[in-house]
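Engineer: Quick one: this structure, given as structure tokens, is what I'll be asking you about.
The values are calculated or read from the model by the stated rules, or taken from the named source; none is laboratory data. On a predicted model such as this, the values are computed, not experimentally measured, just so you know. Neighbour counts are summed over all protein chains in view; Cβ atoms, including those assigned to glycine, are modelled from backbone coordinates with ideal geometry. Side chains included, ligands, DNA and RNA excluded: accessible areas come from the protein's heavy atoms. Shrake-Rupley method; radii C 1.70, N 1.55, O 1.52, S 1.80 Å.
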Amino acid sequence: MDFLPIFINIKNQNCLVVGGGEVAARKVTLLLQANAHVIVVSPELDEKLNAQLNQGNITHRAEYFHPEHLANVILVIAATNDRATNQLVSESAKILRIPVNVVDNPDLCSFIMPSIVDRSPLLIAVSSSGKSPVLARLLRAHLETIIPEAYGRLVNYAAQFREQVKQHFSHPQKRRLFWEKHLQGSFSEMVLAGKDQAAKNYLANALQGEIDDIPPGEVYLVGAGPGNPDLLTFRAMRLMQQADVVVYDRLVSPAILNMVRRDASRIYAGKERNKHTIPQESINNLLVRLAKEGKRVLRLKGGDPFIFGRGGEEIETLTDHHIPFQVVPGITAASGVAAYAGIPLTHRDYAQSCIFVTGHLKNDSINLDWPTLARPQQTIVIYMGSLGLPVLCQQLISHGLPDTMPAAIIQQGTTQKQKIIIGSLKTLPDLTAAANLTPPTLIIVGEVVKLHPKLTWFQPIENTSQSSTSPSN
Ligand code: SAH
């Protein structure tokens, strides 16, 4: 190790920053966050530092640096763009054994500043020992994404119970097991979900031994987005790591399923057209049964669970049985697929509204409010519409949309198998029939489709020869 990582208490202590520019301002902010008394030495201050001065947050010495400025200072940071000044600060501080940091100059530093993830009181510091600060920052960004915002609260809760837990268990080993169990289990989930009172009660009860070894089960109704794993939410990712069992749909891509905790058992509840593997009624009951066994059940659904996902029906049954649940929204096919197809769903010139409908075909017809759909300046997104496409296009035309109205069908949007067919209400059914698409597919009708050639950006690797036909009639 080239450096010893430490966290230093600088509360109400004099810390000196030499320099009055943007970099100095950033360091000042950091020192103020740690409640230091900050003295800035610089003939001039930039706008941000001036604001700090006006708010009474810092002391300003409008002078060039002089070693006397180091009197009564416990830490100094040099952030000037003048090498000689930085060198002087470094040498003077080292003589007085005051820790010194010279920004972007490890040779002149006695301490270096890490990249930090701040979930106060939880702090994570990452350093490359000054060798590749960019790499350290990238790693920090990665950590930011996997450590939920609310972790700081979790630490505070644990702190509140720390003494009580210590009293309760005479053996340190037992204490550690207790914390390991609860910081990864329902208690931490409750805190992260903002159920603060429930979390407190839960931990208090757990401590009194009132809770059985089997914790109460819970259902996580999670939207997995349109297929590309990059489009999962952080919350979805975290609950995917917590689950004991996952009940998933056909729309959940293998790439996403692979990211669920390895030990979780997997139950397929997919529905293929005309082939209901598990009827909805039994899915609801299955979730209830698994949760009653004390399991953390991940109900993973394509897109968003509340958009054509029957998520509402599933949690209704859970409430009937008093089973706790959480709902995690996902990127719905309309927004995910449209974005990856370069088709904005609204646009000031072409569409002021956007409507999502299901084009499910029943007895060769589709039960939709056609006059509402066939309106100008509106984008229509049709889920589950591939079988009914000819009926859809014909109905929209007979309710007043021109047959030249641009329309697109997108196969497996956002994934490496994405394929886009562009046509008009008149041509799209034939173009689609000829293209032999594999589900799922989404249909977008409206003037906005015209923007696709200009705004297209996503190139699936497996499908470089994207078949896009220009609108024609
Ligand atoms: N809850 C889901 C929708 C479920 S209905 C959501 O919010 O997205 C299933 C329909 O969604 C499919 O028939 C198809 O029309 C659409 N769909 C879902 N993912 C898709 C994708 N990656 N590409 C194209 N269409 C998709």
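Engineer: Each label point is 7 Å from the Cα along the Cα-to-Cβ direction; what then is the distance between the points at Asp263 and Phe7, in nm?
Structural biologist: Going from the Asp263 label point to the Phe7 one covers 2.9 nm.
Engineer: Mind ranking 153-162, 233-242 by how tightly packed they are, going by the mean number of other C-beta atoms within 10 angstrom, highest first?
Structural biologist: Going from most to least packed, we get 233-242, 153-162.
Engineer: May I ask for the net charge around Ser127, where only other residues with Cβ less than 12 Å from the Cβ of Ser127 are counted and Lys, Arg are +1 while Asp, Glu are -1?
Structural biologist: With Lys, Arg at +1 and Asp, Glu at -1, the net is +2.
Engineer: Follow-up. Given 20 Å bins starting at zero, what is the percent of C-alpha pairs of the chain in each, up to the one with the largest pair distance?
Structural biologist: 19, 35, 33, 13, 0
Engineer: What number comes out for the charge environment of Gln352, summing +1 per Lys or Arg and -1 per Asp or Glu over other residues with Cβ under 14 Å away?
Structural biologist: Net charge in that neighbourhood comes out at 0.
Engineer: Kindly give Rg over Rh for the stretch 14-113, based on alpha-carbon atoms, with the Kirkwood expression for the hydrodynamic radius.
Structural biologist: 0.92
Engineer: Related question: Once fully extended, how much extra length lies between Phe169 and Thr372, figured as 0.36 nm per residue of separation less the alpha-carbon to alpha-carbon distance?
Structural biologist: Result: 66.4 nm gained on full extension.
Engineer: Additional query: What angle do you read, to the nearest 10 degrees and between 0 and 90, between the alpha-carbon axis of helix 311-320 and the longest principal axis of the chain?
Structural biologist: In the chain, helix 311-320 runs at an angle near 80 degrees to the longest axis.
Engineer: Distances longer than 20 Å among the Cα atoms of the stretch 218-331: what percent of all pairs is that?
Structural biologist: 31 percent
Engineer: Got a number for carbon plus sulfur as a percent of the chain's accessible area, 1.4 Å probe?
Structural biologist: 52 percent
Engineer: Let me ask something else about it. Between Asn205 and Thr456, what is 0.36 nm times their sequence separation minus the Cα-Cα distance? Round to one decimal in nm.
Structural biologist: 84.8 nm
Engineer: Summing -39500 (n - 2.57) over the DSSP H runs of n ≥ 4 in the chain and dividing by its residue number, what mean residue ellipticity at 222 nm do you reach, to the nearest 500 deg cm²/dmol?
Structural biologist: So the helix-based figure for the chain works out to -10500 deg cm²/dmol.
Engineer: Taking amide H atoms as placed 1.01 Å from N in the peptide plane, list the residues 5 or more away in sequence, or in a different chain, whose amide H sits under 5 Å from that of Arg250.
Structural biologist: Those qualifying (amide H under 5 Å, at least 5 residues apart or on another chain) are Gly270, Lys271.
Engineer: Can you give me the pair-distance distribution of the stretch 335-469, C-alpha pairs, 10 Å bins, whole percents?
Structural biologist: In order of increasing distance, the bins hold 13, 49, 33, 6, 0 percent.
Engineer: Compute the length gained on full extension between Ser132 and Ala84: take 0.36 nm times their separation in residues and subtract their Cα-Cα distance, giving the result in nm to one decimal.
Structural biologist: Going from the current span to full extension adds 14.9 nm.
Engineer: Please give the solvent-accessible surface of Glu218 in Å², to the nearest 10, using a probe radius of 1.4 Å with every protein chain present.
Structural biologist: 20 Å²
Engineer: Ordered by packing density, taken as the mean number of other Cβ atoms within 10 Å over each peptide's residues, highest first, how do 172-181, 355-364, 417-426, 391-400 rank?
Structural biologist: 417-426, 391-400, 355-364, 172-181
Engineer: If you don't mind, another one. How much accessible surface does His66 have with a 1.4 Å probe, in Å² rounded to 10?
Structural biologist: Using a 1.4 Å probe on the heavy atoms, I get roughly 90 Å².
Engineer: To continue, here is another question. Compute log10 of I(q)/I(0) for the stretch 151-208 with the Debye formula, placing one identical point scatterer on every Cα and leaving out solvent, at q = 0.23 Å⁻¹, to two decimals.
Structural biologist: Treating every Cα as an identical point scatterer, log10 I(q)/I(0) equals -0.88.
Engineer: Please compute the net charge surrounding Lys48, taking Lys and Arg as +1 and Asp and Glu as -1 over other residues with Cβ under 10 Å from its Cβ.
Structural biologist: Charge balance near Lys48 sits at -2.
Engineer: Let me ask another. Assuming R0 = 45 Å, what is the FRET efficiency of His399 and Ile124, from their Cβ-Cβ distance, to the nearest 0.05?
Structural biologist: Once the sixth-power term is evaluated, E becomes 0.20.
Engineer: Round to the nearest 10 and give me the degree value, 0 to 90, for the angle of helix 196-207's Cα axis relative to the longest principal axis of the chain.
Structural biologist: 70 degrees
Engineer: Rounded to the nearest 0.05, what FRET efficiency do Ala433 and Lys195 have when you use their Cβ-Cβ distance and R0 = 56 Å?
Structural biologist: Calculated transfer efficiency: 0.60.
Engineer: Moving on. Where does the stretch 305-344 land on the Kirkwood hydrodynamic radius, alpha-carbon pairs, in angstrom?
Structural biologist: Hydrodynamic radius (Kirkwood, Cα only) of the stretch 305-344 equals 11.8 Å.
Engineer: Suppose all protein chains stay in the model; what accessible area per residue would a 1.4 Å probe give for the chain, in Å²?
Structural biologist: Spelled out: the 1.4 Å probe surface of the chain, per residue, equals 53 Å².
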